[in-house]
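Asks: Structure in structure tokens, see below.
What follows draws every value from the coordinates through simple rules; no lab data is involved. Here the structure is a predicted model, which is why all the values come from computation and not from measurement. Positions of Cβ are generated from backbone atoms using ideal geometry, with glycine treated the same way; all protein chains shown enter the neighbour counts.
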Amino acid sequence: MDNQKLAQLLFPEVTTTIDEVEARFPARDLPEGAQVTRMGPSPTGFIHLGNLYSGLADERIAHQSGGIFYLRIEDTDNKRKVEGAEDIIISVLKYFGIEFDQGAGIESPESDAYGPYYQRQRKDIYHVYAKNLVAQGLAYPCFCTEEEIAQIKEKQTEQKVITGYHTTWTRCRDLTLEQIEEKIAAGMPYTLRLRSQGKEGNDIIFRDQIRGSVKFPENIMDVVILKKDGIPTYHFAHAIDDHLMHTTMVIRGEEWLSSVPTHVELHKVLGFRLPKYAHTAHLMKMDNGNKRKLSKRKDPELSLDYYRQDGYHPQGVKVYLMTLLNSNFEQWYDKHPNSPIEEFPYSVKKMSKSGALFDIMKLNDICKNEFSKLEPEDVYEFLHTWCTNYHPDMVDVYFADKEKFIKILELTMGVHQKRRRKDFINAKQIMESIHYFFDATYHIVDEQKYDAETVEAVLKAYLASYDHSADANGWFNNIKEIGEQFGFTGNMREYKKNPENFKGNVSHIAEIIRIATVGQSNSPDQWAIYHIIGEDMMRERIEKYLAK
RNA sequence: GGCCCCUUGGUCAAGUGGUUCAAGACUCCGCCCUCUCACGGCGGCUACACGGGUUCGAAUCCCGUAGGGGUCACCA
């Protein structure tokens, strides 16, 4: 077989040489040890927690080493294509504080140097290498139909041999030039397959950055490298792109681990140096007592939009992901609570090998801490933006009076206390928790624990004796006095010793009033609340409460 | 089913042969502080999957077993 002739037959339009292509993508001018990483999503526009998780790892490794982090759109499967997906990806990642240096949709002077960053636009590049492989007898056209492939698999399953298009099971591997010419002339579609040089029984040792050395059987599959439309498969595109774009470390999910042998052979056959690989563990979820990989379909919480919608602060999500990503991050962060994440010495070796269960409680806890570090002004801006995007109809209700809102935040965040309160999780929850500051959202949550008669008498006494000009102490003393009138003691120590001697204590009086004014049995300091909502609103709520 | 990965408390995890009869964080429970809540403080429950080795000594090394996960496409 004349391989040169076959190559010419298959790729008549390719006139560029490999040397010419290589010359277009010179080595990057980076300091010693700098890592080049990339994110290569398919353009479905759906970006999930797992993407952020590995994206964060990519970003840290690149930037910590003074390298480059770029975005490449892997659109070799046109069935998945969604318009404008790269904008979504870029904006979502940006929301979480992860920014690309170069790549698809990124404007930078050097950004185009290694492009195009859409694989479909690199078809001619892949064809140069494909032609070259054919010319060396390392690839061949395959005319098998899906049915034929299925038949082969069926027989292999029956005979209990390794399934797939390999060794003696191949049908098109040894076609003559004449046969190929004939089929092409007849208009038969074909894929291009690798002529695997692997031998059954041989092993390869592969060193993963996270998992250490892994032993695999050598690849023997004649994998498809170009689909019948001439677009490369992931494997082929990966080898060529990461070579030309000079990626130094490929960080990807562990579902790719088993295709490492294929990639090893592809790199070998193409004469490329293998990049470093880091296969990350999946984020898992508990489902019916079993751990399982978070799935796009079943788990809405996988979508990053989900967190944006609920108004999770990006910093909280990022910190949580970092604790999962690097086992020693949490302790470092404890010691340096106010240092930027970027200062943490990130290490690939510290990445977990086993899949972590996604823990919303832990996320929430971290978010509470993050919010407690912010200033009311920052929280105000954050909430305002969130509300504008997700609840535009509520913007006027909440943000008409900025001064009032800041006061609410100061109180609910406890900025004037010795220690901050920590009960803000996300924007949605914050807004719900401050409902009672606004008539439009105020509603009764808790029931009174005392009988209607007592409640009424206490509230009336409260209204009669309330003095808006009193300070916090004065207010509380008044509550105590009211309590004494009805047999509720102000002496907590006495009460604890002999609760049966009293109808209740002052905290019960406070609770009765609290429920009538804010609708629930817990809240920050009542006096402070009344000085935000004003005497009129407070009195009005009690009146209405009594009327019921 | 073949191949590969993983396995310390409910969860995330420290730990790489001996000051660990196993850190820390989250959750849960109790107590303290306290007008409620939150914060904070103190304390508690709960773990090296199992079985064999190697060794003076193993969570740490080896071999099996079990369980979980991934992958076996002209999808990435």
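Asks: Relative contact order for chain A: what is it in percent, counting Cα pairs under 8 Å that are at least 6 residues apart?
Replies: Worked out over chain A, it gives 11 percent.
Asks: Between A:Y390 and A:E453, take the C-beta separation as r, use R0 = 41 Å, and let me know the FRET efficiency to the nearest 0.05.
Replies: 0.40
Asks: How many nm separate the modelled label positions at A:D467 and A:V82, each set 7 Å beyond the Cα in the direction of the Cβ?
Replies: The answer from the label model is 6.3 nm.
Asks: Under 18 Å from the Cα of A:K5, which lysines turn up, not counting those fewer than eight places away in the same chain?
Replies: In chain and number order, the partners are A:K131, A:K183.
Asks: Oh, and also: Quick check on chain A: of the DSSP beta bridges with both residues there, what percent are antiparallel, nearest 5%?
Replies: Within chain A, antiparallel bridges account for around 55 percent of the total.
Asks: Sticking with this structure for a sec: Could you derive backbone 3J(HN,Hα) for the stretch A:326-338 from the dihedral phi with the Karplus parameters 6.51, -1.76 and 1.60 (θ = phi - 60°), listing whole Hz in sequence and x where the residue is Gly or Pro?
Replies: 10, 4, 9, 5, 4, 6, 4, 5, 4, 7, 10, x, 10
Asks: If you don't mind, there's one more thing I want to ask. Please check which bits of the stretch A:89-110 a label hung off A:E381 would reach, taking the label as a point 7 Å along Cα-to-C-beta and the cut-off as backbone N under 20 Å.
Replies: A:91-99
Asks: What FRET efficiency do you get for A:L546 and A:Q121 if R0 is 56 Å and r is their Cβ-Cβ distance, rounded to the nearest 0.05?
Replies: 0.20
Asks: Please work out the Cα center distance from the stretch A:444-474 to the stretch A:1-76, rounded to the nearest Å.
Replies: When both Cα centres are located, 69 Å separates them.
Asks: Using DSSP H assignments, which helices in chain A have an axial alpha-carbon span of 27 Å or above and a mean Kyte-Doolittle hydropathy of 1.6 or higher?
Replies: Qualifying helices, which must be both long enough and hydrophobic enough, do not occur.
Asks: Compute from the Cα atoms of the stretch A:23-95 the Rg and the Dmax, the latter being the longest Cα-Cα distance, and quote both in angstrom.
Replies: 13.8, 41
Asks: For an R0 of 35 angstrom, estimate the FRET efficiency from the Cβ-Cβ distance between A:I444 and A:Y95 and round to the nearest 0.05.
Replies: 0.45
Asks: Send over the per residue convex hull volume for the stretch A:371-415, Cα only, as a whole number of Å³.
Replies: Here the figure is 62 Å³ per residue.
Asks: Please label the shape of the stretch A:1-160 as rounded, prolate or oblate, based on the square roots a ≥ b ≥ c of the eigenvalues of the alpha-carbon gyration tensor (a/c under 1.5 means rounded; beyond that, a/b larger than b/c means prolate, else oblate).
Replies: Oblate, since a/c reaches 1.5 and b/c is not below a/b.
Asks: Report, in listed order, any pair from A:K155/A:K199; A:K353/A:K373; A:K407/A:K428; A:K215/A:K362; A:K160/A:K215; A:K94/A:K123 with a Cα-Cα distance greater than 25 Å.
Replies: Correct reply: A:K353/A:K373; A:K215/A:K362; A:K94/A:K123.
Asks: Relative contact order for the stretch A:55-155: what percent, with Cα pairs under 8 Å and sequence separation of 6 or more?
Replies: 24 percent.
Asks: Is the stretch A:72-148 rounded, prolate or oblate when judged by the Cα gyration tensor, a ≥ b ≥ c being the square roots of its eigenvalues, rounded requiring a/c under 1.5 and prolate requiring a/b larger than b/c?
Replies: Judged from the Cα gyration tensor, the stretch A:72-148 comes out oblate (a/c at least 1.5, b/c at or above a/b).
Asks: Per chain A: cysteines with no other Cys C-beta under 4.7 angstrom?
Replies: For chain A, the answer is A:C144, A:C367, A:C387, because their Cβ atoms have no other cysteine Cβ under 4.7 Å.
Asks: Could I ask something else about it? Applying the Karplus parametrisation 6.51 cos²θ - 1.76 cosθ + 1.60 with θ = phi - 60° to the phi angles of the stretch A:421-427, what ³J(HN,Hα) value in whole Hz is obtained for each residue in order, glycine and proline being reported as x?
Replies: Values, residue by residue: 6, 9, 10, 8, 9, 8, 4 Hz.
Asks: In terms of the Cα gyration tensor, with a ≥ b ≥ c the square roots of its eigenvalues, is the stretch A:260-373 rounded because a/c is under 1.5, prolate because a/b exceeds b/c, or oblate?
Replies: Oblate shape, in that a/c is at least 1.5 and b/c is the bigger or equal ratio.
Asks: Could you give me the ³J(HN,Hα) list for the stretch A:494-502, computed from phi with Karplus coefficients 6.51, -1.76, 1.60 and θ = phi - 60°, whole Hz, x at Gly and Pro?
Replies: Karplus-based 3J(HN,Hα) across the stretch A:494-502 equals 4, 4, 5, 5, 9, x, 5, 6, 10 Hz.
Asks: Please tell me the relative contact order of the stretch A:118-232 in percent, rounded to the nearest whole number, where contacts are Cα pairs under 8 Å and at least six residues apart.
Replies: Once normalised by length, the contact order is 29 percent.
Asks: Can you give me the convex hull volume of the Cα atoms of the stretch A:447-541, divided per residue and expressed in Å³?
Replies: 96 Å³
Asks: Now a separate question. Going by average Cβ density within 10 Å per residue, which order do the peptides A:259-265, A:465-471, A:525-531 take, highest to lowest?
Replies: Result, highest mean Cβ count within 10 Å first: A:259-265, A:525-531, A:465-471.
Asks: Give me P(r) over chain A, computed from all C-alpha to C-alpha distances, binned every 10 Å, as integer percentages.
Replies: 3, 14, 20, 18, 14, 10, 8, 6, 4, 2, 0
Asks: Still on this model: Got a sec? How would A:M39, A:M394, A:M492, A:M249 order by Cβ neighbour count within 10 Å, fewest to most?
Replies: A:M492, A:M394, A:M249, A:M39
Asks: On a C-alpha basis, how far is the centre of the stretch A:109-153 from the centre of the stretch A:224-254 in Å? Whole number, if you could?
Replies: Between the Cα centres of the stretch A:109-153 and the stretch A:224-254 lies a distance of 9 Å.
Asks: Once you list every other residue whose beta carbon is under 11 Å from the beta carbon of A:L52, what net charge do they have if Lys and Arg are +1 and Asp and Glu are -1?
Replies: Summing Lys/Arg as +1 and Asp/Glu as -1 gives -1.
Asks: Something else: Output the direction-averaged projected area (hull surface divided by four) of the convex hull of the alpha-carbon atoms of the stretch A:154-307, in nm².
Replies: 13.7 nm²
Asks: In nanometres, what is the gap between the two model label sites at A:E255 and A:K373, each 7 Å from Cα along Cα-to-Cβ?
Replies: Between A:E255 and A:K373, the simple spin-label model gives 3.3 nm.
Asks: If you don't mind, there's one more thing I want to ask. Among A:I73, A:F100, A:Y190, whose Cα lies farthest out toward the positive end of the dipole of chain A, if unit charges sit on the beta carbon of Lys, Arg (+1) and Asp, Glu (-1)?
Replies: Result: A:Y190.
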